[in-house]
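Each value in this text was obtained by applying a stated rule to the coordinates, not by laboratory testing. Everything quoted here is computed from the prediction, not taken from an experiment. Please note: Cβ atoms are built from the backbone with ideal geometry, for glycine as well, and neighbour counts cover all protein chains shown.
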């Protein structure tokens, strides 16, 4: 099923235009929504997840008109917000039972079987009697995935789920997500390019409430083939290079010299070496092209 | 660092709109209350007539403190939350690593919050100042602005209370990190105050209660309890020892609590938890490697979103919500403490003058009323917690995207709230049953508990739950919501002050219901339930509106919420909404139609105007001569099932004047009536508004001529909303005044002079002075008759007995109805009543007088006390005054009202005024009030039914004071003199306390206006003391002569002057002053023991040296102290070390001095009197020495409190 967003706009009370005439089509599989903090990712995701009403625009998922028929979407929606809390003094098991009820499972035995399964998937089974409020960050995120699975969702929206997780947790989390997402649409927002690279078969870069670029990660990289160049320079020469070249990123080396990556159709000068394009480059180029021209 | 945090906090609050909302609410309430007491609504409601200055220091203190109690409900969210906020925002993890000390942090947080609260509370003061002075207030009730009144209240009571309760709430919330717990704490603290309040009633505990009342109001009333109107208007609250100790004590406790917070608080991540169990052993937690790939294969389950399944889900969510409420220790503590509080209240329930009642179930239910406020606040609080719970827990993002419908979430919160109410209501039931079992009382009416608590009461709370959920949903700040709800629930009943009097217009108001053993709920339930149905629909309308605004997801503004609400308003919701709304209006219209259109309804304003016009229109006929009724013969049919009556009667009247009478003024009731005179006449004026007709006789009724009136009267049909008849199913009690016509203008004028002035009426003298010989034509009971012949036939249902004064001539059954024919053999006052119920009868005899008690089956407890009381009173009165005029005496039970009333040979006695009293066999001399009331009422057969005063000032002294005197004397014979101190002290306390509520004037006993506190309490004290001074025999002999002279007299009737003259005649010259002090003036003493010592003498005796002070003063009618009789004849004494002299009237007084010891009698310490003698006192300061035989333990000046003294405790001192 396909998620189609057309001409979506949302302006907040304080005047911030979080989503700006946004158009997007998302098919089955993992979809990465890449963007810096404040780009409008969460607003977009909350809007898709029926938590917010846009000012204008339409969202359809398959034949569900999401904005008109919230309930139809909620039945097949799994949503994990960027941050969430839990009720105090409730164990994972009790809380999942509560969510299973909310999600329309009314047979007690079925609920129990399902909860056992999702707890095992998320490796929380042994902690099931403990209060969720006392869980560590990673465990809580896994609990979030567990509750998300309860209604066997067709559309999964996860908002920056890997922020703050240790590498092992993150790895584990992405694996589960990947597994879950085989047969459905997963929208996955992050500001970590790495996540998208590892996981997604489609992606979009979002900033200022607009889609700057949509492509598959591989395709996006291919587009840049032979257009990314690198050079090692002194720290003091950076400003000069930035003025002269389209510098995408710069990294320190151990000896305090800098590696800069430059985007250019041809080799800018002899010192530059062609390098394999990375997703980072795609990201930075997209953001750069969107930068407002400084007024003179 | 302190100031940084302090000002940051302050800024935080001053920037928040909610601070100003609170201020505005307090301001508005204060303006409203102040303006109302100052009479701003006099133009739309009844006039606030009072001799009290509303903004006198005491008034300011009362209102300011009263309103400030509301501020306690802000503590949890302002003071409590100041630290909690840092936890909530997870700021604490950063903040606590900063380099400031614990002291800086805690003090800054605490005091900034205190400052915010103190600022908010100040708006109350400002509002009051403005409210008192608002245009339209009555300038007579207001004195010039006095800053000190406000200041004293503010710094002496309000600020310390903020500190104290603030510290407690701060401690609770800081350690529990639970704001709800803060609210529960506030409720518990209010309970503590209720308990100390209870102890205030008992003089012996008054000092302690004053010290320990955390609010300090008891400490104030320790000094101001007996303040007269004059003193209330003029004096500032004395800042004296008890108040100072109380304030210091609680400030100390506040610091202690803050100290504990300071000691225990640490900058840590986790909340303090109180665990009864040992901490579990720590375990090292390691993560296992879980890098592997899992295969996800979810079991197949069925998803069902049907209505039925959603209902099941609703129940499931309800359980989760309910568990959330009841599993918190805050809630558990309110249940436990509530249980204790209710038990304490129950031990007081139904108690009268210090004695208790059998714990009937309905009494238990009444006693449970103390818990009402807790149930309401819990409803308001938890409505807010439930509505905002997911937002507070930040789980709403997960919850709101599930396919559960809104109504399911909303309904589950509602049901959980109602379940909580059920649980809290069952606290009352559990407490009631525990108490009954503890008392060894096993007649537990389980059905009644369930019906009243989980039926009648629960509906009431459910309607509050509707409103609570609505307000909390719309406001979305649970603490502001709670506050708004509190203000609403307190404010709605106060709407009547602003002229909104009908329950129809006041949310969740109703017609009330009451229960008694004889008549159950009577006919009150259908009416009550109709109102409750009406308001349930009203509440449902609100809930439906709230459902429209129910927040799902994250709407960014109210306008967006409004858009969503508009979108939600579609079929079938709209249809439901319209249907409920239509139902609400339909029921409302039905009520309105019934109560305002079908029947005349008068607001208190209109009633006031009616009285004014009545006086203006008809007072001119007051002096018009009318014939006197000399015989009454009535047939009355009581239809107890349908609650109707029909009567026909015949009055025989005679012109006793010496002039002709040409017109008859007939004053009747609002019943369907017909009148027929046996002499030709024309109806010249018919007034169906005032029910006052004027008939002009064709031929003047000449002196000595007679006239007969035949009348019929029956009630208009009863409706659901109006009961037009005094007949009830079981236990009817109705007097002739309520049913039958009478002659002439019968008064009922407004008494407050300021109100009268407003309507252009002359000042009211209440009643003529007894020296006015032209005013002695009527008794104070009836204006149209002297003594009558009485005969009546009364019929009732077959199963009931109907009783009226007189002797039963015949009893028969006809067509399923039982008839009784009564006839009186001697003359009686035109004052009789009918009773009808399913009675049991107990019979006995005293000499040749038949004694009967008609009682409700099951109320056998005190029949013996009543019989004994009848016998003792008959004996005392007939031995000392005159023979009993009847051959029979009956006590007849009626359902409730807490009183008894004496009619000729018949005494209706309410079931709750003695029939269920638990007094028999009380060993420690608890006042057997059933016995006392019986003696008193029987004494009325003499003191009212033989001797009846003219309708002038002081008339009630001849009936009520004398009956009280007889009751005390009979009790004294039963219990012995020393036991009388308890009753005298109680009477003294009641007199001194009740006179402070006097709204017009207090006159001396023999000129009193009929106030209860004068005719009962003061009257009993005075006559008892008098019998002590001149001797019981001498007094009774004088009274006997007096009775002989005046009993059954025709007009002019006797007055208090006549009686006092008889007493004066037997009083020696040296004691004539007593008569002047006690009867002719309001005289008070201030007697106290200053110093006492005893030395053992060689002969085994003891010499007791006593230093004591006596002073005496008079009060004017407003209660101003006067120390001189004429001018400059007061005496004074300056005690050592003081500069202000003690003043007194000149003294030539005889006052008891007593010395006491204690004896061990059967393991109990009993007081024994070693010495008691009246000493002649001529100076304020006195020292005397007394030799006694045993080692004394206590001495006293006026030790039995025979004299009126505002500090009766310092009359005695222990050695």
Of the residues A:168, A:240, A:215, which exhibits the maximal mean-square fluctuation in a Gaussian network model of chain A defined by a 10 Å Cα contact cut-off? A:240
Working from the pairwise distances between different alpha carbons, so that the mean of 1/r is found and then inverted, what is the stretch B:33-153's Kirkwood radius in Å? 17.0
What is the Å³ per residue value for the convex hull set by the Cα atoms of the stretch B:136-236? 145
For the stretch B:497-549, what is the convex hull (Cα atoms) projected area averaged across all directions, in square nanometres? 5.1
Length added when fully stretched, residue B:1069-residue B:621, from 0.36 nm per residue minus Cα-Cα: 156.6 nm
Evaluate the relative contact order of the stretch A:226-276 (contact order divided by residue number), counting alpha-carbon pairs under 8 angstrom at least 6 apart; express in whole percent. 53
Provide the percentage of antiparallel DSSP beta bridges, counting only those with both residues in chain B; round to the nearest 5. 85
Averaged over residues of A:75-86, the number of beta carbons from other chains lying within 10 Å of each residue's Cβ is 4
How big is the gap, in Å, between the Cα center of the stretch B:857-890 and the Cα center of the stretch B:894-912? 14
Antiparallel as a % of all DSSP beta bridges within the stretch B:839-920, to the nearest 5? 45
Using alpha-carbon coordinates, inclination of helix A:167-180 to the longest axis of chain A, degrees: 70
Fraction in percent of alpha-carbon pairs per bin - 5 Å, the stretch B:537-584: 5, 22, 29, 21, 14, 8, 2
Expressed as a rounded percentage, what relative contact order does the stretch A:58-151 have, with Cα pairs under 8 Å and six or more residues apart? 36
When the Cα centres of the stretch A:199-273 and the stretch B:580-613 are compared, how far apart do they sit, in Å? 83
Quick one: work out Rg over Rh on the C-alpha atoms of the stretch B:1138-1210, Rh as Kirkwood radius. 1.04
Report Rg(Cα)/(2.2 N^0.38 Å) for the stretch B:461-522, keeping two decimals. 1.43
Which value, to two decimals, describes the C-alpha radius of gyration of the protein assembly as shown once divided by 2.2 N^0.38 Å? 1.19
How big is D for the stretch A:1-110, in µm² s⁻¹ as a whole number, if Stokes-Einstein is applied with the Kirkwood radius of its Cα pairs at 37 °C and 0.692 mPa s? 207
Among A:242, A:25, A:160, the residue with the largest mean-square fluctuation in a Gaussian network model of chain A built from Cα contacts under 10 Å is A:242
What would the Debye equation give as log₁₀ I(q)/I(0) for chain A at q = 0.13, 0.16 Å⁻¹, counting only Cα atoms as equal point scatterers? -0.96, -1.26
Determine by what factor the alpha-carbon radius of gyration of the stretch B:876-995 differs from 2.2 N^0.38 Å, reporting the quotient. 1.09
Per q in 0.12, 0.19 1/Å, what log10 I(q)/I(0) does a Debye calculation on the alpha-carbon atoms of the stretch B:960-1078 return? -0.46, -1.13
For chain B, find the longest principal axis of its Cα atoms and tell me its angle to the long axis of helix B:2-15, 0 to 90°, nearest 10. 70
Stokes-Einstein translational diffusion, the stretch A:226-276 - Kirkwood Rh over all Cα pairs, 0.890 mPa s, 25 °C, in µm²/s: 227
Cα-Cα separations in the stretch A:73-179 greater than 22 Å, expressed as whole percent: 24
Segments B:802-808, A:201-207 sorted - mean Cβ within 10 Å per residue, highest first: A:201-207, B:802-808
How far is it, in nm, from the label point at residue B:710 to the one at residue B:1162 when both lie 7 Å from their Cα along the line to the Cβ? 6.7
Test item: A:87-97 mean partner chain Cβ contacts at 10 Å: 3
Taking 7 Å along the Cα-to-C-beta vector as the label spot, tell me the residue A:273-residue B:566 distance in nanometres, rounded to one decimal. 6.5
Across B:389-398, the residue-averaged tally of Cβ atoms belonging to other chains within 10 Å stands at 6
Applying 1/(1 + (r/R0)^6) with R0 = 41 Å to the Cβ-Cβ distance of residue B:251 and residue B:407, what FRET efficiency is obtained, to the nearest 0.05? 0.20
Restricting to Cα atoms and excluding each atom paired with itself, what does the Kirkwood estimate give for chain B in Å? 34.9
When the Cα atoms of the stretch B:1083-1214 are enclosed in a convex hull and the volume is divided per residue, what value in Å³ results? 123
If you count the DSSP beta bridges with both ends in the stretch A:3-221, what percent of them are antiparallel, to the nearest 5? 50
Computed over the stretch B:307-598, Cα set: Rg, Dmax in Å: 20.7, 64
Protection proxy ranking, peptides B:444-455, B:598-609, average beta carbon neighbours within 10 Å, highest first: B:444-455, B:598-609
P(r) histogram, all alpha-carbon pairs of the stretch B:748-859 included - 10 Å bins from 0, percent: 11, 26, 24, 16, 16, 6
Relative contact order (%) - the stretch A:3-221, alpha-carbon pairs under 8 angstrom, separation at least six: 32
What's the center-to-center distance, using Cα atoms, between the stretch B:1-69 and the stretch B:1152-1195 in Å? 53
Figure the gain on full extension for residue B:765 and residue B:372 (residue separation times 0.36 nm, minus the Cα-Cα span) and round it to one decimal in nm. 137.1 nm
Describe numerically, in nm with one decimal, the distance between label points set 7 Å from Cα along Cα→Cβ at residue B:487 and at residue A:133. 3.1
Could you tell me how many degrees, from 0 to 90 and to the nearest 10, lie between the Cα long axis of helix B:159-176 and the main elongation axis, the longest principal axis, of the Cα atoms of chain B? 40
Could you rank the peptides B:675-688, B:842-855, B:732-745 by their average count of other C-beta atoms within 10 Å per residue, with the highest value first? B:732-745, B:842-855, B:675-688
What the Cα atoms of the stretch B:627-771 span along the principal axes, largest first and in whole Å, is 48, 44, 31
Return the inverse of the average 1/r over all pairs of distinct C-alpha atoms in the stretch B:2-264, which is the Kirkwood hydrodynamic radius, in Å to one decimal. 19.7
If the chain between residue B:689 and residue B:1037 were fully stretched, how many nm would it gain, using 0.36 nm times the residue separation less the Cα-Cα distance? 120.2 nm
